[in-house]
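These notes are about the structure you will find just below.
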Amino acid sequence: MYRYRNQREGKPMKQNNKRKPKKSPAPKKERSPFSNLKEGAFTTQAKRAGMSVKQMTKAVLDNPDKYTTTTVRRAQFAKNFGGKKKKK
């Protein structure tokens, strides 16, 4: 009995030793420290304090010990992205 069809026909067997390279896993996306902030929350906080967003941002970043970590993150976000419109 012939083990492979090519042996029966008298042709040399074709060796297929080439392995496909393994795909590397997709790189994990880094989560932004601002990813869990709620839209409009810092503006509401600023209005309650009787300040504009810019004034509140400056006040929070000048004295971060007075405010919660969430408020400090919101202020940093407002400083970085304040005044920029969303693309529709």
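Just so it is clear, none of the values below were taken in a lab; they were calculated from the coordinates. Quantities reported herein were computed from a predicted structural model and do not represent experimental measurements. Cβ placement follows ideal geometry from the backbone for every residue including glycine, while neighbour counts extend to all protein chains displayed.
Diffusion coefficient (Stokes-Einstein, Kirkwood radius over C-alpha pairs, 10 °C, 1.306 mPa s) for the range 36-82: 154 µm²/s, rounded to a whole number.
Neighbours of V72, meaning other residues whose beta-carbon lies under 13 angstrom from its beta-carbon, give a summed charge of +3 when Lys and Arg score +1 and Asp and Glu score -1.
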